[in-house]
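A quick write-up on the structure given underneath.
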Amino acid sequence: MDLASHPDSNAYGRLAPRSPLVRRLLARNPSPFTFTGTGTFVVGTPGRALAVIDPGPDDPAHVRALIDALAGETVSHIVITHTHLDHSPAAPALKAATGALIVGCAPLALSDDGPRADAGFDASYAPDQVLADGDSIRGPDWTLTAVHTPGHTSNHLCFALEQEKALFTGDHVMGWSTTVVAPPDGDMADYMASLQKLLARDDAVYHPTHGEPVTEPQRFVKHLLAHRRQREAQVLRAIGEGLVTIPAMVAAMYAQVDKRLHPAAGRSVLAHLIDLERRGQVARAGETWSVR
């Protein structure tokens, strides 16, 4: 990732318009798993009550930039898609500064000692209101409706902005890479079902927390589904060729990927294997796998 040449390299700390009702402020936390950083979205017309989606990491510079950008504004809701550490920890500071309610996904604090490919969970997350699938919150000129999309995490929500037929997709759909699905909380079957759920919608644009807007959502979701089916086929083919452990599968399937990312890739392979095992297509014996 060449941040120096990416347009976002000059966007940190600046609340930039994305549409008549959407602005974004980018956190300076770029990484191989966050791309150029966490995008915090502000929804609503300046001068009227606003919602902030995914306030971001507990980074003093980002929190200060966000509070400064909203100076003189009214924030009614702080909306959380899921509780990874690059999404929700800034919520308490923003609430203290604005008096807004923290709403969105259910709390989830999962102990996980595996090689994570993304941030851990925010154990301090304490929402004022948990939203279920189909629940809505409203402002003077916006309505956000929760869309339950488990898979990346079990508590993941997307949020539909009805006035612009836009969907804030959190990490369920990213604008630059495929989504991490890491057991034990990440679930491949849930993730695929959630993609199918989005495919049935008629959203005009996605605003991912990481990456650029997705302007052809249905086509993009079809691509993501095809990619996961291709990975599943690769897993089955690898086992058939005698690659019966996850490290062996990863070495073959991700040969062109930086080896530092291989432990994380192994979590994705595990997610596929667990899904295949539940469907009766593979079996495991200790650390080895076989095709039924």
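Okay, here's what the table says:
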| read-out | value |
| --- | --- |
| Out of Pro32, Pro92, sole residue that is modelled with pLDDT under 95, over 15 Å from Leu144 (Cα atoms) and surrounded by fewer than 23 Cβ atoms within 10 Å (Cβ to Cβ) | Pro32 |
| Exclusive hit being within 23 Å of Tyr206 (Cα to Cα) and surrounded by fewer than 21 Cβ atoms within 10 Å (Cβ to Cβ), set Leu66, Leu50, Leu85 | Leu85 |
| Members of region 257-272 that are surrounded by 15 or more Cβ atoms within 10 Å (Cβ to Cβ), over 16 Å from Asp185 (Cβ atoms) and not small (Gly, Ala, Ser) | Leu261, His262, Pro263, Val269 |
| All positions within region 256-271 that are part of a helix (DSSP H, G or I) and either of a type in the set (Val, Ile, Thr) or modelled with pLDDT under 90 (or both) | Lys259, Arg260, Leu261, His262, Pro263, Ala264, Ala265, Val269 |
| Restricting region 3-25 to residues that are touching a helix residue (DSSP H, G or I) at 6+ places or on another chain (Cβ under 8 Å), at pLDDT 95 or above and in a strand (DSSP E or B), the residue that is farthest from Gly120 (Cα to Cα) | Ser19 |
| Total residues in region 166-184, condition touching a Leu at 6+ places or on another chain (Cβ under 8 Å), surrounded by fewer than 19 Cβ atoms within 10 Å (Cβ to Cβ) and in contact (Cβ under 8 Å) with a residue 60 or more places away in the chain | 2 |
| Output for region 185-202, where each listed residue is farther than 19 Å from Ala106 by Cα and either buried (at least 19 other Cβ atoms within 10 Å of the Cβ) or touching a residue at least 12 places away in the same chain (Cβ under 8 Å) (or both) | Met188, Ala189, Met192, Ala193, Leu195, Gln196, Lys197, Leu198, Leu199, Arg201, Asp202 |
| Residue under evaluation Arg201, criteria (1) of a type outside the set (Phe, Trp, Tyr); (2) in the same structural domain as Ile80 (by TED's automatic domain parsing); (3) not in a loop (DSSP other than H, G, I, E, B), criterion not met | (3) |
| Candidate set from region 111-145 (those that are modelled with pLDDT of 95 or more and not in a loop (DSSP other than H, G, I, E, B)); member that is farthest from Arg267 (Cα to Cα) | Arg138 |
| Any hit, region 283-291, residues being over 21 Å from the mean Cα position of the chain (by Cα), more than 19 Å from Thr179 (Cβ to Cβ) and among the hydroxyl-bearing types (Ser, Thr, Tyr) | yes |
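Per-residue answers, yes or no, for (1) at pLDDT below 95; (2) more than 24 Å from Phe35 (Cα to Cα); (3) not in a strand (DSSP E or B):
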residue: Arg64; (1), (2), (3): no, no, yes
residue: Ile78; (1), (2), (3): no, no, no
residue: His82; (1), (2), (3): no, no, yes
residue: Asp86; (1), (2), (3): yes, no, yes
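The values are calculated or read from the model by the stated rules, or taken from the named source; none is laboratory data. Computed from a predicted structure; not experimentally measured. As a convention, Cβ positions derive from the backbone with ideal geometry for all residues, glycine included, and neighbour counts pool all protein chains shown.
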